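Structure record follows, encoded as C-alpha cells.
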There are 2 protein chains.
Amino acid sequence: MIKIAIVEDNKIFREALIQLINAQSNMHLVGEFASAEYAVKEIPHILPDIVIADIEMNGMNGIEMITILKHTIPAIEFLVCTIHDNTDMVFDALRAGACGYILKDSGSESIIKSIIELYNGGAPMSPFIAKKVISEFSRPKQNNFHDLLTEREIEILQYTAKGLLNKEIASLLFLSNETVKSHLRNIYVKLQVSNKIEALHKVGLL
Amino acid sequence: MIKIAIVEDNKIFREALIQLINAQSNMHLVGEFASAEYAVKEIPHILPDIVIADIEMNGMNGIEMITILKHTIPAIEFLVCTIHDNTDMVFDALRAGACGYILKDSGSESIIKSIIELYNGGAPMSPFIAKKVISEFSRPKQNNFHDLLTEREIEILQYTAKGLLNKEIASLLFLSNETVKSHLRNIYVKLQVSNKIEALHKVGLL
DNA sequence: CTAAACCTACCCCAAATGGGGTATTGTTTG
DNA sequence: CAAACAATACCCCATTTGGGGTAGGTTTAG
C-alpha cells in the first residue's frame, strides 16, 4: 500500500488526481493540500511515501516546499506534476530533491506508472524532460581542448583533477615524476595558465 | 520505418537483438557489428537512425565509439544496452552523447519501447539508471560542509576554487598569506585531505 | 565569568610545484 | 629524408604549499 499525498492548488486537477488515486487498489491517499504552506505544516505528521506536487502555486511554490520537506524527512519521494517544461524549473526541482518530473498532459495510466516506478526507487520522467536532463550531461562536452592537448596530457590532467600528486600519477602510469611535471608544464604553456587548478578550469574539469 | 544498427560483441545477445528488431514491423535492421572498430568504419556509410551499443567490448569500447560517431554524425542517437550499472560508466556514456541507457536484463518489450522513445526524442533509461542520473543533480547541493566549515573557510575555499594563489586571496581579503594558509590547514584537517584539489572535491566545488 | 570557537598572524621546516633548460627516442608527415 | 611532434627523463633553482606549533584578540555560549 503506497501512501500518497497531493499538493495542488488547481481544484479541478486536484479532484481528478484524488479520484485517480482512490481508484487504485495498491494506493492510499493520506492527504490533499491546496497550498504549499499547509502541506509543509501537515506532511511531517502524516508521513506519506510519495508526494505528488505542483510547482506553480500561489504563495510558497513547489520548489521551496520540496526543499523544506526533503530536508525534514528525506525518505519522502516527490513526483512533480506540472504544466511547465521550463529548463530552469526542471533543474531547480531536481536540485530541491524531486526524483520524478512528469507533465500534466501525461495520461492517467502514465501517472500511475510513474508513482509505482518512483516507489520502486526509479526516477520517472516525461520523455521530453528526460531528454533535457540527459542533454545536460553531454552539453559541456564541446571543449576544444582535445585539439590543443595530446592524449597523454589529457590523461595526466584527468588524474590531476582527481587530486592525485604528481608522483602518484607517475607511479600509476609508470613514469618518472619529472615526466609528469614536464607534461604539466607543457599543458600550462598551451592553456596559458600557471597552476593545476587554473588548468582544470580551462578544460572544464573544474 | 526506424533504421537500426547493432554493435554488440556477444554473439548470443546480438542474435537475440537481431531477431527482436526483425520482428518489428516499424523497424529495419541496417547493420550489425561485433566490434566497435568495424562499426566506426561502416556506420557513417549506412546512416542508421539509432545505434544500439554495448559498452564493454574487446578492443575499442562503446564509449569511445559513441564519442567518435557522435562527433562525425550528430544525428545518430545511441541506446546503450549493457549489463554494467557502474556510475562512472553511465556518466561517461551520457557525456559521450548517448541518450538512452538501459540494462540488458530489461525485457524485449522494454527494449522496443526504449527504441521508440529514443526515436521520438526521449531519453529512455532503466529505472535504476534514471535514479542515478537524477541523484546527480540533488547531490552537490547542501552538503554537510556548511556545518563543518566556518564562513571564512568557505570563502577562502571558493577563491581557491577559482585558481587564486594564497597570496592573491590574502590581498583580496586584506589578510596575511600566513592567515590564508592557516585557514587552509584547518580546512584540510576538517575535511581529512591534504591539498587544495582534494579539498575542492570534498565540498563539491570540483 | 569562563570556556570554546573563530579569525588573525607569526615561527620553522619539508615537500610539492612551477619555470627554465637540455636530451634521447620514436612516430608522423610534408 | 628532414622537420615536427610526442613522450620520456634529467638538471637547477625559486616559489608555493603542506604540516607542526604558538598566540593574541574577539565573539559566543554555558
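Points to keep in mind about this one:
- Spatially proximal aspartates and glutamates relative to B:LYS167 (Cα-Cα < 12 Å; intrachain offsets below 8 disregarded): B:GLU178
- Net charge dipole size for segment A:145-202 [Lys, Arg +1 and Asp, Glu -1 on Cβ; Debye, nearest 20]: 160 debye
- Cross-link reach is defined here as a Cα-Cα straight distance under 29 Å, omitting same-chain residues fewer than 8 places apart; for A:LYS41 the lysines meeting it are A:LYS3, A:LYS11, A:LYS70, A:LYS104, A:LYS113, B:LYS131, B:LYS141.
- Here the Kirkwood formula puts the hydrodynamic radius of segment B:145-202 at 11.1 Å, using every distinct Cα pair.
- Placing a label point 7 Å from the Cα of B:SER171 along the Cα-to-Cβ direction, the distances to the matching points in the other copies come to 3.8 nm, shortest first.
- The alpha carbon convex hull volume per residue for segment A:60-206 rounds to 170 Å³.
- Three-way shape call for segment B:1-88 based on the alpha-carbon gyration tensor, with the a/c threshold at 1.5: oblate
- Rounded to the nearest 500, the helix-only mean residue ellipticity at 222 nm of chain A stands at -16000 deg cm²/dmol, with each DSSP H run of n ≥ 4 adding -39,500 (n - 2.57).
- Inter-copy label distances at A:ALA23 (7 Å, Cα→Cβ; nm, one decimal): 3.1
- Report note on the peptides B:38-46, B:195-203: ranked by the mean count of other C-beta atoms within 10 Å, highest first, their order is B:195-203, B:38-46.
- Inter-copy spacing of B:PRO74 label points, which lie 7 Å from Cα along Cα→Cβ, given in nm from shortest upward: 3.9
- As a ratio to 2.2 N^0.38 Å, the alpha-carbon radius of gyration computed for the protein assembly as shown takes the value 1.13.
- Segment B:2-138, dipole about Cα centre (Lys/Arg Cβ +1, Asp/Glu Cβ -1), debye to the nearest 20: 240 debye
- Per residue of peptide B:29-42, the mean number of Cβ atoms on other chains within 10 Å of the residue Cβ is 0.
- Only one residue of B:SER35, B:SER171, B:CYS99 has its Cα farthest out toward the positive end of the dipole of chain B, where Lys and Arg carry +1 and Asp and Glu -1 on Cβ, and that residue is B:SER171.
- Length gained when the stretch A:ASN26-A:ASP88 is fully extended (0.36 nm per residue, less Cα-Cα span): 18.9 nm
- Summarising the label geometry, the points placed 7 Å from Cα in the beta-carbon direction at B:SER106 and B:ALA16 lie 1.4 nm from one another.
Read the figures in this text as sums done on the coordinates, not as results from a lab. Keep in mind the model is a prediction, meaning the values are calculated, not measured. Ideal geometry is used to build each Cβ from the backbone, glycine not excepted, and the neighbour counts take in all protein chains shown.
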